[in-house]
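The values are calculated or read from the model by the stated rules, or taken from the named source; none is laboratory data. This structure is a prediction, so every number in the text was calculated from the model and none was measured. With ideal geometry, Cβ positions are generated from the backbone for all residues, glycine too; neighbour counts draw on all protein chains shown. Surface areas here come from the heavy atoms of the whole protein model, side chains and all, with no ligands, DNA or RNA. Shrake-Rupley method; radii C 1.70, N 1.55, O 1.52, S 1.80 Å.
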Amino acid sequence: GAVVSQHPSRVICKSGTSVKIECRSLDFQATTMFWYRQFPKQSLMLMATSNEGSKATYEQGVEKDKFLINHASLTLSTLTVTSAHPEDSSFYICSLGTGGNEQYFGPGTRLTVT
Amino acid sequence: GENVEQHPSTLSVQEGDSAVIKCTYSDSASNYFPWYKQELGKRPQLIIDIRSNVGEKKDQRIAVTLNKTAKHFSLHITETQPEDSAVYFCAASFHTGTASKLTFGTGTRLQVTL
């Protein structure tokens, strides 16, 4: 299957600052990528669908101005959490959609906002 | 949109026993049903999936059944081992020919005791 990497794996930032998370597809053209958020002991919740060369589609309740998604190439999608607050602390996971049914998940990024 | 319910939330079995996790979905258009295993701090790992044109699928100790009429699907793990201990998520999606969104269940924490 496709190989997806994320960077950083862990990040700690101060409240009010912005954090960028990178999601890379290493061996597959990533036309579509998905961003999920997972709070402790909870399920994965889809935040947005990222399409190469176009604007991301956000799920209901997800603030597009707070969670900026850029997908300018077929190998990289980025999620920027702007003006982060402690309630944004979570596990952020991206996945690659290959056009088939299966999604290939990145290893996740643990964000802690102090 | 799609809603996926999953039961039980926690499940404790003795090594060698079977474990069954059940999910229901709401959108009759959903046609792809994967199951994921997630260990603490790791990405979800696909363990088995089933498509709507199939009623049952088996892979060694793992099997999945689908009842489209009742909108139920279940994961069966036989001869459980301590390394099966993890959180399991079911999911559902409707595949349209391009990458499709997954809706996850709430998760089941499986504990296999010696």
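Data for the structure
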quantity	calculated
Among (1) surrounded by 13 or more Cβ atoms within 10 Å (Cβ to Cβ); (2) assigned to a loop (DSSP other than H, G, I, E, B) - the single one B:Phe33 does not satisfy	(2)
Selection count, the stretch A:81-98, where residues are more than 25 Å from B:Gln45 (Cβ to Cβ) and either within 11 Å of chain B (Cβ to nearest Cβ) or surrounded by fewer than 15 Cβ atoms within 10 Å (Cβ to Cβ) (or both)	4
Candidate set from the stretch A:1-27 (those that are open to solvent by 70 Å² or more (accessible area, probe 1.4 Å) and of a type in the set (D, E, K, R)); member that is nearest to A:Thr114 (Cα to Cα)	A:Lys14
Search result, residues across the stretch A:28-56 that are more than 25 Å from B:Ala86 (Cα to Cα) and not in a loop (DSSP other than H, G, I, E, B)	A:Thr32, A:Met33, A:Ala48, A:Thr49, A:Ser50, A:Asn51
Out of B:Gln14, B:Gln45, sole residue that is open to solvent by 60 Å² or more (accessible area, probe 1.4 Å), at pLDDT 95 or above and within 26 Å of A:Phe34 (Cα to Cα)	B:Gln45
The stretch A:83-112, residues that are farther than 17 Å from A:Met33 by Cα and hydrophobic (A, V, I, L, M, F, W, C)	A:Ala84, A:Leu111
Residues that are polar (S, T, N, Q), open to solvent by 50 Å² or more (accessible area, probe 1.4 Å) and closer than 24 Å to A:Leu111 by Cα, drawn from the stretch A:28-58	A:Gln42, A:Thr57
Residues located in the stretch B:14-30, provided they are under 17 Å from B:Arg61 (Cβ atoms), in contact (Cβ under 8 Å) with a residue 60 or more places away in the chain and part of a strand (DSSP E or B)	B:Gln14, B:Ala19, B:Ile21
Long-range neighbours under 6 Å by Cβ, at least six apart or interchain, first residue under 14 Å from B:Arg51 (Cα atoms) within the stretch A:98-109, second open to solvent by 30 Å² or more (accessible area, probe 1.4 Å) and assigned to a loop (DSSP other than H, G, I, E, B)	A:Asn101/B:His95
Options A:Phe34, A:Phe28: the member that is touching a Lys or Arg at 6+ places or on another chain (Cβ under 8 Å) and closer than 24 Å to A:Ala2 by Cα	A:Phe34
The stretch A:99-109, subset more than 7 Å from chain B (Cβ to nearest Cβ) and either at pLDDT 95 or above or touching a Leu at 6+ places or on another chain (Cβ under 9 Å) (or both), residue surrounded by the fewest Cβ atoms within 10 Å (Cβ to Cβ)	A:Tyr104
So A:Ser25, is it within 27 Å of B:Tyr88 (Cα to Cα), modelled with pLDDT under 95 and not acidic (Asp, Glu)	yes
Members of the stretch B:71-105 that are within 8 Å of chain A (Cβ to nearest Cβ), open to solvent by less than 20 Å² (accessible area, probe 1.4 Å) and not in a loop (DSSP other than H, G, I, E, B)	B:Phe89, B:Ser93, B:Phe104
